[in-house]
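Take a look at the structure below.
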Amino acid sequence: MTDSPLENEQEEARWPRVYLAVVIYTVALIGALWLFSAVFSR
Amino acid sequence: MSWVDWAVVAAYLVYIVWDGVRLSKHSGKVEGYFLADRSLPWWAVGLSVMATQLSAITLVGTTGQAFADGMRFIQFYYGLPFAMVILCMTAVPFFYRAKVFTAYEYLERRFDARTRTLTSFFFLLSRGLGVGVIIAAPSVILSIVLGWSEAATVFAMGLTTTIYTMAGGVQAVTWTDVKQMVIIFIGLGVCLFVILSKLPEGVAFTDALHLAGAAGRLTTVDARFDLRESYTLWSGLIGGLFLMLSYFGCDQSQVQRYLTARSVNEGRTSLLMSAFIKIPMQFFILLIGVLVFVFYLFERPPLIFNRVEAERIERRESLDARRLSVEFETAHAARERAAIEYVRAMRDASGGTVDQARRDYLEAERAFEEARRKGLETVRSENSNRNFTDVNYVFPTFVVQHMPIGVVGLIIAAIFAAAMSSISAELNALATASVIDIYRRHFKPEAPDRHYVLAGRVATAFWGVFACIVALYSTSLGSLIEVVNRFGSFFYGSLLGVFVLAFAVPRATARGAFWGLLFGIASVWIASRYTEIAFLWFNVIGCVVVVVVGTLLSLTDRGAKGLAS
């Protein structure tokens with residue numbers, strides 16, 4: 001990789017937002033699966 | 001199987017071996033053979049990560065589990081995305097920037113050679129045995145479909161994969177993984193479509209889900225906190241998190257995948273691909289198993305799916321077996337009528353009738369399950385096979401008996417693909433750890449590249465044969481997916497503990513890490529031997545014991561120094 005330090009810093013700064021998106025997505029997914037189960041198991 | 005199905009399977013096998021072997025020209029150097037010169041794009045690495053985790057056991061074992069027990073198993077994966085985030089922040093940059101070949105090599109830089117060798121040894125032991133179980137699953141299928149002996153199928157499957165892994169190294173493993181994942185996705189999609197088209201007239205998809213849900217097959221979140229239960233929300237989130245951290249962060253078969261990426265960021269992206277896709281994909285695999293359950297509400301299933309065991313019972317012509325068969329047939333007919341009535345009642349949507357129809361359906365389902373349980377008990381007692389379990393035979397039997405021509409071949413090819421993608425990655429990782437951590441480190445530190453590449457090929461061949469021998473013994477164990485996960489949990493948590501010490505405890509010393517690891521494994525052994533704690537929690541126990549004991553011992557070391565690198 002020949003990225004400049006500035007590019008690397010910008011790239012690193014992006015990751016916390018990506019991680020947060022993964023966490024929110026997972027919580028929403030588990031919630032959706034619970035809802036699916038609840039709807040069809042009544 | 002028709003000749004068309006045979007042709008599909010044969011075409012797949014020939015293509016994949018040819019594709020893997022032709023990549024051998026890119027693997028003349030050590031870094032090329034073991035790490036693909038760190039040049040692979042994130043999407044190929046991401047698919048390879050998923051293909052390595054998704055074995056034939058996942059396809060065959062979990063569909064069977066969903067048929068028998070529902071979707072509870074999905075909770076096993078709830079900790080995975082969180083583990084991926086933690087690893088993207090820690091292990092991926094640590095390993096990548098350290099320019100190591102194996103995860104354990106990093107431990108020598110952080111601690112000492114003894115800790116590296118011990119962790120690598122535990123990896124070789126647990127994975128060497130684990131890959132045997134991974135080979136056993138498709139051999140079970142083949143022994144049913146082809147009527148071959150299990151020994152012949154084990155060697156045919158294991159040695160085929162060994163050939164292209166030996167020749168092409170990690171390049172062959174990754175690029176065949178990509179194609180194998182495509183075949184798996186297509187196979188699963190077609191399978192789901194065909195099962196839905198086979199539901200009887202008047203039973204819609206939502207009716208099928210209601211029938212499955214009423215029978216307890218759609219539980220995806222079990223919020224009870226019970227340490228003895230294998231699959232709950234908490235065991236998945238906490239125990240699963242620790243297991244996934246260990247598997248993706250300390251198991252060379254996965255670490256090697258993202259070490260082949262072009263950069264740290266591409267390595268991270270490849271792991272996050274699993275974070276997004278794994279749970280939905282597992283949901284669809286389990287859904288297939290659940291829909292097979294619904295399909296057999298309207299089509300008489302075999303009392304015993306394992307054809308060999310069923311024929312042994314039939315040959316005896318005992319009165320008990322005949323009575324059981326009649327009882328089973330009656331129970332199925334009653335359950336089918338009750339299921340149809342329940343669907344009709346839901347359509348009419350009058351509250352009291354629906355409740356009554358649901359109660360009748362559940363009563364019939366219980367009677368049916370009882371008849372089936374008696375059948376399994378009969379096999380266990382009359383065939384003197386105490387470990388017998390039928391779940392692994394459900395899906396392949398369904399495929400062979402009820403899928404159309406061509407689709408059978410496609411799904412068998414997908415199961416082969418799942419098996420071979422995992423086997424190849426494991427063999428490649430076992431060879432890498434054997435050569436880099438043991439052979440080059442302790443026996444021959446200075447040699448030309450071609451020597452280590454040759455050693456890598458010899459090690460791949462050795463582990464391929466070893467895994468085949470283990471596979472011959474593991475086909476008689478219980479649910480295969482659980483066997484692999486239980487076995488992994490025995491070592492994984494403790495290995496994770498050593499890496500936690502390395503990454504997060506600056507004062508940790510080599511002595512603390514070494515003895516902490518041994519204490520961790522001993523504590524897991526004690527927990528498994530003397531308590532009823534479910535296996536996912538072993539990962540937590542092992543990790544916590546290693547970190548606590550390792551930290552305490554490190555603090556008692558005179559002149560303990562902080563993190564060196």
- [ ] Scan region B:468-488 and give yes if some residue there is modelled with pLDDT under 95, assigned to a helix (DSSP H, G or I), farther than 18 Å from B:Q254 by Cα and among the small types (G, A, S), otherwise no.
- [x] yes
Task: Candidates B:L241, B:L272, filtered to the one that is modelled with pLDDT of 95 or more and within 14 Å of chain A (Cβ to nearest Cβ) - done: B:L272
TODO: Tell me, yes or no, whether region B:334-357 has at least one residue that is out of contact with any helix residue (DSSP H, G or I) (no Cβ under 9 Å at 6 or more places or on another chain), farther than 30 Å from B:A98 by Cβ and away from every other protein chain (no Cβ under 14 Å).
DONE: yes
Open item on the list: Taking the condition of being outside any loop (DSSP other than H, G, I, E, B) and either at pLDDT below 80 or of a type in the set (F, W, Y) (or both), how many residues in region B:313-353 meet it?
Closed with: 11
- [ ] Please go through region B:1-53 and pick out each residue that is surrounded by 15 or more Cβ atoms within 10 Å (Cβ to Cβ), among the hydroxyl-bearing types (S, T, Y) and assigned to a helix (DSSP H, G or I).
- [x] B:Y12, B:S24, B:Y33, B:S48, B:T52
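Yes/no per residue for (1) under 27 Å from B:I285 (Cα atoms); (2) of a type in the set (A, V, I, L, M); (3) touching a residue at least 24 places away in the same chain (Cβ under 8 Å); (4) assigned to a helix (DSSP H, G or I):
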{"site": "B:R366", "(1), (2), (3), (4)": "yes, no, no, yes"}
{"site": "B:I405", "(1), (2), (3), (4)": "yes, yes, yes, no"}
{"site": "B:T432", "(1), (2), (3), (4)": "no, no, yes, yes"}
{"site": "B:I436", "(1), (2), (3), (4)": "no, yes, yes, yes"}
- [ ] Residue by residue through region B:196-231, note down the ones that are of a type in the set (S, T, Y) and at the interface with chain A (Cβ under 9 Å from one of its Cβ atoms).
- [x] B:T206, B:T219, B:T220
TODO: Check whether at least one residue in region B:72-91 is within 21 Å of B:A431 (Cβ to Cβ) and touching a residue at least 40 places away in the same chain (Cβ under 8 Å), and report yes or no.
DONE: no
Task: Criterion violated by A:D3 - all others in (1) more than 7 Å from chain B (Cβ to nearest Cβ); (2) in a helix (DSSP H, G or I); (3) at pLDDT below 90 satisfied - done: (2)
Open item on the list: Test of understanding: among B:Y247, B:Y258, which residue is in contact with a Leu (Cβ under 7 Å, 6 or more places away or on another chain), more than 10 Å from every other protein chain (Cβ to nearest Cβ) and in contact (Cβ under 8 Å) with a residue 40 or more places away in the chain?
Closed with: B:Y258
Task: Residue pairs meeting the criteria (Cβ under 8 Å; at least 6 apart or on separate chains; first within 11 Å of chain A (Cβ to nearest Cβ), in region B:279-296; second of a type in the set (K, R) and surrounded by 20 or more Cβ atoms within 10 Å (Cβ to Cβ)) - done: B:V290/B:R217
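This table checks each residue for (1) part of a helix (DSSP H, G or I); (2) touching a helix residue (DSSP H, G or I) at 6+ places or on another chain (Cβ under 9 Å); (3) of a type in the set (K, R).
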{"position": "B:I186", "(1), (2), (3)": "yes, yes, no"}
{"position": "B:L192", "(1), (2), (3)": "yes, yes, no"}
{"position": "B:A223", "(1), (2), (3)": "no, yes, no"}
{"position": "B:E229", "(1), (2), (3)": "no, yes, no"}
{"position": "B:S235", "(1), (2), (3)": "yes, yes, no"}
{"position": "B:L243", "(1), (2), (3)": "yes, yes, no"}
{"position": "B:Q254", "(1), (2), (3)": "yes, yes, no"}
{"position": "B:R257", "(1), (2), (3)": "yes, yes, yes"}
{"position": "B:S270", "(1), (2), (3)": "yes, yes, no"}
Task: Set B:T115, B:T58, B:T62: member being closer than 30 Å to B:D557 by Cα and more than 14 Å from chain A (Cβ to nearest Cβ) - done: B:T115
Open item on the list: Please return the ranges of helices (runs of 4 or more DSSP H) entirely within region B:72-181 where 3 or more residues are of a type in the set (V, I, T) and surrounded by fewer than 23 Cβ atoms within 10 Å (Cβ to Cβ).
Closed with: B:113-145
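The values are calculated or read from the model by the stated rules, or taken from the named source; none is laboratory data. All values derive from a computational prediction rather than experimental measurement. Note: ideal-geometry Cβ built from the backbone for every residue, glycine included; neighbour counts use all protein chains shown.
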